[in-house]
Amino acid sequence: MGMECPNGHGRQNVVVNLTADGRNPVKAAQVMAHRLACGCVVGGEQYEKFKEAVTEIETGVSIAVRDLEEDARQRKAAVYQAFVTGKKEA
């Protein structure tokens with residue numbers, strides 16, 4: 001199956017059918033977009049909205065991970081300080 005590339009690369013083969021959860025589609029309705037052989041993605045307006053929502057989620061995850069790592073670093077520093085000085089800190 002081929003599609004016309006929206007970026008002017010001509011008619012290209014569909015390499016991957018993209019779904020919301022990244023799994024192989026079982027039904028045609030699960031396909032959100034198509035990745036073409038040239039690397040471009042054909043998806044439409046709904047796919048663009050989906051990408052924006054996913055980006056927001058991934059940003060939130062990155063912030064949460066960074067905050068957890070910072071908390072762990074501070075707690076490790078406190079434990080090390082207590083170990084070095086022999087005092088317990090809360």
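Rule-based calculations on the coordinates, nothing more; no lab input. All figures in this text were calculated on a predicted structure; none of them were measured in a lab. Here the Cβ positions follow ideal geometry from the backbone for every residue, glycine too, while neighbour counts run over all protein chains shown.
Considering only Gly39, Gly22, Gly60, the mean-square fluctuation computed in a Gaussian network model of the chain, springs between alpha carbons under 10 angstrom, is largest for Gly22.
Taking amide H as placed 1.01 Å from N in the peptide plane, the amide H of Cys5 sits under 5 Å from that of Gly10, Arg11, Gln12, each at least 5 places away or on another chain. For the chain, the residue among Ala64, Ala37, Phe50 whose Cα projects farthest onto the positive side of the dipole built from Cβ charges is Ala64. Here's how it looks for Ala20: its modeled amide H is under 5 Å from those of Met32, which are all 5 or more places away or on a different chain. Sequence-ordered 3J(HN,Hα) estimates for the range 42-47 from the Karplus curve with 6.51, -1.76 and 1.60 and θ = phi - 60° stand at 10, x, x, 5, 4, 5 Hz, glycine and proline given as x.
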